[in-house]
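K.L.:
Starting off with a structure, shown below.
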Amino acid sequence: MLTRRDLLQQTATGFGMLGLATLMSDQNLLAQAPSNNPLAPRPAHFAPKAKRIIHVFMNGGPSQVDTFDPKPALVRYNGQRPPTADRGTERRTGGLMMSPFRFNRCGNSGLPVSEIFPRIGECADDLCVIRSMYTNVPNHEPSLLMMTCGDMQPVRPSMGSWLLYGLGSENQNLPGFVTMCPGFPVIGPALWSNSFLPGIFQGTHINNSNMDPRRVLQNLSNTYINQSAQREQMDLMRRLNQMHLQNRGGNDNPLEARIQSMEMAFRMQYEAQEVFDLNRETQVTRDLYGRGQFNDACLVARRLVERGVRMVQIYTGSGQPWDDHGSIANHRNNARTVDQPVAALLKDLKHRGLLEDTLVLWGGEFGRTPTSEGATGRDHNNHGFTVFMAGGGVKGGYVWGASDEFGFAAQDGRMHVHDLHATMLHLMGINHERLTYRYSGRDYRLTDVSGVVNHNLIA
């Protein structure tokens, strides 16, 4: 027996279109379309310090002892291998290796910042530097997943997906979670996946190698019918899909995700291309950020968060740009890519009054060894590394925790990635133990069964 839905699927003109016209004329049918929007803003558990997050991701693993954690002992013991530096890493390493970069005291706080970050050093009094981070293993794939999704196993929901699930978005015409990378980092889409959360919470990947607004998000504008007619079509399609969903027991995440993605695509016509049009910025602002893929991404990040997007991730580049096994001197080139735009982002947010409720996180998935790999490279190091946060209610010009005398392992005030996530959620007004989703017989959360909020970081 041919059902009405089968008939509509198999016919594109003639009688099938008559059926569509009949349904479109049924105002009662359209009025029954559900108005629930999973991206609608929802209240936090308590008053938040931050409303949105920008994660500038130094994928590949920057070296803490060459960026924000200076170690004079590396100069004294250069080339030696004392017992406290004899730790297991991914590969075999040699003796201790001093940093080729000098550190400068920056800002009123006197925060030590490597010479490779002169512009970020100008923002020292806004930085909350954590020198006591650690994670589970010294391998890229599990550590990337841990930093973005709170679990080493693929695939779990990313932090951005958890934030959308818990708080919704303040702008219904743009994706609530945007991730920018020219190509893909290691693992790729798993790093911004919704996993078992509803599909509407997945991150939207933008290839920022060309920020032409007509190419970043293609096929958004319908040149054949006006928006009123599009709205009628969308209402019809939503109702048909809802009917089909009900016939399947109302439990079909892929179908529900398709319904919501079609709605999002329709709404994005209003703002999506405009937000990526950097020609709308003044020349002064463009000069502040500079030109380049990462520069453009940082400027777009500001444009997104000021329009209510909940979370933006910016990867330094595809692959593992900071993975300097061969020569740590290459950190200077990596820093040249990110220094000006990250500093510009912080200054621009502050100038516009957005930094106070926008939390910025800078860092990689792990650090690097203070010992040498080969002649002048450094291996992966999960025992201790450094990240910094700015804005969003954290203390500025502040250092938390310490690594050992060589910068190999977190020692004082140790913070696991779970603790970092718990603290970030707290700043967003979320109790990390209450942000859960039941799947496969258990309650999951971003921080798994761990995580302690570090109130010492909060202003």
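The values are calculated or read from the model by the stated rules, or taken from the named source; none is laboratory data. Bear in mind the structure is a predicted one, so any value in this text is a computation, not a measurement. Neighbour counts are summed over all protein chains in view; Cβ atoms, including those assigned to glycine, are modelled from backbone coordinates with ideal geometry.
K.L.:
Go through segment 175-193 and give me each residue that's touching a residue at least 60 places away in the same chain (Cβ under 8 Å), assigned to a loop (DSSP other than H, G, I, E, B) and in contact with a helix residue (DSSP H, G or I) (Cβ under 6 Å, 6 or more places away or on another chain).
P.N.:
Correct list: G176, P182, V186.
K.L.:
Here is a further query. Just checking, how many residues over segment 362-385 are in contact with a Leu (Cβ under 8 Å, 6 or more places away or on another chain) and either within 20 Å of M159 (Cβ to Cβ) or outside any strand (DSSP E or B) (or both)?
P.N.:
Total meeting the criteria: 3.
Results for (1) more than 24 Å from R332 (Cβ to Cβ); (2) out of contact with any Lys or Arg (no Cβ under 9 Å at 6 or more places or on another chain); (3) acidic (D, E), shown as yes or no for each residue.
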site	(1), (2), (3)
H45	yes, no, no
S63	no, no, no
D69	no, no, yes
T84	yes, yes, no
P100	no, no, no
S114	no, no, no
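K.L.:
Could you go through segment 143-159 and let me know if any residue there is touching a helix residue (DSSP H, G or I) at 6+ places or on another chain (Cβ under 6 Å), surrounded by fewer than 24 Cβ atoms within 10 Å (Cβ to Cβ), without any contact (Cβ under 8 Å) to a residue 40 or more places away in the chain and in the same structural domain as R92 (by TED's automatic domain parsing).
P.N.:
yes
K.L.:
Okay, next question. So for segment 303-316 (the condition being in a helix (DSSP H, G or I), assigned by TED's automatic domain parsing to the domain that holds S169, surrounded by fewer than 23 Cβ atoms within 10 Å (Cβ to Cβ) and in contact (Cβ under 8 Å) with a residue 24 or more places away in the chain), does at least one residue qualify?
P.N.:
yes
K.L.:
Right, here's the next one. Any residue at all in segment 409-418 that is in contact with a Ser or Thr (Cβ under 9 Å, 6 or more places away or on another chain), more than 17 Å from N454 (Cα to Cα), assigned by TED's automatic domain parsing to the domain that holds N334 and surrounded by fewer than 22 Cβ atoms within 10 Å (Cβ to Cβ)?
P.N.:
Yes: one or more hits.
K.L.:
Continuing with the same structure: Return the only residue of F406, F388 being at pLDDT 95 or above, in a loop (DSSP other than H, G, I, E, B) and either of a type in the set (A, V, I, L, M, F, W, C) or surrounded by 24 or more Cβ atoms within 10 Å (Cβ to Cβ) (or both).
P.N.:
When all the criteria are applied, what remains is F406.
K.L.:
Which members of segment 369-408 meet the condition of being of a type in the set (G, A, S), over 23 Å from the mean Cα position of the chain (by Cα) and on the phi < 0 side of the Ramachandran plot?
P.N.:
Matches in segment 369-408: S372, A375, G377, A402, S403.
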